[in-house]
2 protein chains.
Amino acid sequence: MNFTMKEAIEVLERTPKTLEHFLSGISDEWLHCREGEGTWTVSEVIEHLIEGERQNWIPRLTWILQEGDTKPFPPFDRYSHLQKKHESSIEEKLHELNKIRTESITRLKELIDPERHLESTGLHPEFGSVKARELISTWVVHDLTHIAQIVRVMAKRYSTDVGPWKAYLGILKAKDGAS
Amino acid sequence: MNFTMKEAIEVLERTPKTLEHFLSGISDEWLHCREGEGTWTVSEVIEHLIEGERQNWIPRLTWILQEGDTKPFPPFDRYSHLQKKHESSIEEKLHELNKIRTESITRLKELIDPERHLESTGLHPEFGSVKARELISTWVVHDLTHIAQIVRVMAKRYSTDVGPWKAYLGILKAKDGAS
């Protein structure tokens, strides 16, 4: 096991600021391209990360500590951000992600005493019993997954532009997907 | 074709600052893990990006403008950073990348007039004739590739820690590789 609360929080607190530095002020062409039909734009990935803060991570951790594994987690719709109208700019979305993530980390530190709560269990509707530390690890990997998705979607805009170098650039052959 | 100089430079100028915000001050455990034998750590990826500025992008663009396709590019060793001793901290490496990239972008703008030079050709030792705009597009995609690599290497540290969620996290199944 590699997980520690300290190192997990190091990634969680860096993600929004990293994305702010990468995406603020960038051209719309980078933000609204897709790698294929039914896949997410860079902008939609940011919306999905915001929805995760609202519906998934802290709500489920709270559920674990309150309900244990007596009742399964309430369902979480990972496509909910696509049903909403998002007319805010990328800078506003990134600011929102930064704000809500800061609140989540504060709450995480209040909720979880690493000496007592990491092995606490909840009931996942599909997986059955899951541990608090597995959920927090997944939160970290979920961030990293979506950073990887953002750069992959952007890279694919230049699939043809790179000419013969395409043969050396594995990212251009990586599979499409919503996440 | 999606390439424009303006949008390419948007990515090139953001990469070092993005990586600085993501990696400065992070624990060594994130910087020195590997996804498999013979693959690069996060720290080694930063060294590779620095070497690319020294040996690859601007030197090859200069070659295209000076030599055209009369003589092939001098060889570029993509593993050269592994032969050197790198005892500097990650913050020093990131600062070096930022500095050398800023110089490269200044040079890029001096060298390339988008109205005149994007179709200029050079001779790649393996691919034959390549265009300046293909080389610059590849520079952009190379940045994105190595950001994807960094987050993938980090994500794989938690391959076991995520428990049953592994099934949903494609990044943990992405193939190993030096790049």
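The values are calculated or read from the model by the stated rules, or taken from the named source; none is laboratory data. Quick caveat, the model's predicted, so the values are computed rather than measured. All Cβ positions, glycine included, derive from the backbone under ideal geometry; neighbour counts span all protein chains shown. Calculation scope for accessible area: heavy atoms of the full protein, side chains included, ligands and nucleic acids excluded. Shrake-Rupley method; radii C 1.70, N 1.55, O 1.52, S 1.80 Å.
What to note about this one:
- Here the condition is being within 19 Å of the chain's Cα centre (by Cα), surrounded by 16 or more Cβ atoms within 10 Å (Cβ to Cβ) and either outside any strand (DSSP E or B) or within 11 Å of chain A (Cβ to nearest Cβ) (or both); of B:97, B:82, B:118, it holds for B:97 alone.
- Residue ID - surrounded by the fewest Cβ atoms within 10 Å (Cβ to Cβ), chosen from residues in the stretch B:121-172 that are at the interface with chain A (Cβ under 7 Å from one of its Cβ atoms) and among the acidic types (Asp, Glu): B:161
- Considering A:39, A:4, the condition of being surrounded by 14 or more Cβ atoms within 10 Å (Cβ to Cβ), over 18 Å from the mean Cα position of the chain (by Cα), of a type in the set (Ser, Thr, Tyr) and within 14 Å of chain B (Cβ to nearest Cβ) is satisfied by A:4 alone.
- Whichever residue in the stretch A:100-115 is of a type outside the set (Val, Ile, Thr) and assigned to a loop (DSSP other than H, G, I, E, B) and, among such residues, is surrounded by the most Cβ atoms within 10 Å (Cβ to Cβ): A:114
- Comparison of A:125, A:114 shows that the only residue that is modelled with pLDDT under 95 and not hydroxyl-bearing (Ser, Thr, Tyr) is A:125.
- Output for the stretch A:42-57, where each listed residue is open to solvent by less than 20 Å² (accessible area, probe 1.4 Å) and either free of Cβ contacts under 8 Å to residues at least 12 places away in the same chain or in a helix (DSSP H, G or I) (or both): A:42, A:43, A:45, A:46, A:47, A:48, A:49, A:50, A:51, A:52, A:53, A:57
- Residue B:92 vs. criteria more than 8 Å from every other protein chain (Cβ to nearest Cβ), closer than 25 Å to residue B:21 by Cβ and surrounded by fewer than 13 Cβ atoms within 10 Å (Cβ to Cβ): yes
- Residue within the stretch B:6-23 that is touching a His at 6+ places or on another chain (Cβ under 6 Å), modelled with pLDDT of 95 or more and in a loop (DSSP other than H, G, I, E, B) present: no
- Yes/no for residue A:141 being within 15 Å of the chain's Cα centre (by Cα), assigned to a helix (DSSP H, G or I) and more than 25 Å from residue A:37 (Cβ to Cβ): yes
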